[in-house]
Amino acid sequence: MQAILRLALAGALAFLTGAPVWAEQALACEATDLTVEVPDPDLAARVCATAQSGLDLLAEFGLVQSKTIRIQVGSQGALHDTDCMGSFDAGAGLIRLSDPATLARSVNPGSLWHRIDAWALFDSLVIHELSHALLQQADRASAPCLADHEYVAYAAQLSSLAPADRALVLDGSREERIDPAHINDFIVLMDPDLFARAVWQHFSAPGHGAAFVRGIVAGRLSFYVEPF
Ligand SMILES: [Zn+2]
């Protein structure tokens, strides 16, 4: 079952269409091993600054960059199928994101993420995909399961939001008790918004937070469930 879900996710992430126009030169972000390929220099500088703050946040999670990462930003139609706001290609060390101007096309109007400004969402997606990149680079005996990967990414993404934006995303769900059993490989594919809310409830509970994520990163904690 898990193998099938992994393949399904890989297929979803790999579905790229069109021929985007990339910046002729990549911007090397200062003090990091990150390059950003974005036609707009102002947006490139913003991505670098966001990624740098993301690296600082992820260091608290025990995640340290060890290999080069490239970030490409292009129009949604050229980059992704609908419903795919960003992706990380582990083999190429490549993050791809829809630019803020076209990002809204990928966001379902009923989604939690439709509640915040496209620029705030864009910045948070840089953090989400950077989390995947660094977790993939982590020195572990085995690869994390999908639920572990997405737990780390959503915990970092939601942590990176301004409190007012996080409140908007989570509005209406703060009083609702979500069973932590929803943090699994199936729910992240079938209902990613429910998964994200479950992650935040779990992550923000006493005794969890960055310490729990460091346990996942180190391979001591996991949401992996043996398939039936
Ligand atoms: Zn993800």
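The values are calculated or read from the model by the stated rules, or taken from the named source; none is laboratory data. Fair warning: this is a prediction, and the values are worked out from it, not measured in the lab. Please note: Cβ atoms are built from the backbone with ideal geometry, for glycine as well, and neighbour counts cover all protein chains shown.
Among the candidates A147, A198, A181, which residue alone is under 14 Å from L112 (Cβ atoms) and of a type in the set (A, V, I, L, M, F, W, C)? Lay out the reasoning, then the answer.
Working: A147 fails: under 14 Å from L112 (Cβ atoms); A181 fails: under 14 Å from L112 (Cβ atoms).
Testing whether each residue is under 14 Å from L112 (Cβ atoms) and of a type in the set (A, V, I, L, M, F, W, C) leaves just A198.
Restricting the search to helices (runs of 4 or more DSSP H) fully inside the range 6-113 and requiring at least 2 residues that are modelled with pLDDT of 90 or more and over 27 Å from L168 (Cβ atoms) gives 41-60.
E176 fulfils the conditions (1) of a type in the set (D, E); (2) over 24 Å from L57 (Cα atoms); (3) in a helix (DSSP H, G or I) except for a single criterion, (3).
It is to be established whether one or more residues within the range 147-156 are at pLDDT 95 or above and more than 13 Å from the ligand (Cβ to nearest atom).
No, the range 147-156 contains no residue that is at pLDDT 95 or above and more than 13 Å from the ligand (Cβ to nearest atom).
Of all the residues in the range 114-149, those that are in a helix (DSSP H, G or I) and touching a helix residue (DSSP H, G or I) at 6+ places or on another chain (Cβ under 9 Å) number 24. Note on the range 118-144: residues that are under 16 Å from V213 (Cβ atoms), within 16 Å of the ligand (Cβ to nearest atom) and surrounded by fewer than 20 Cβ atoms within 10 Å (Cβ to Cβ) amount to 3.
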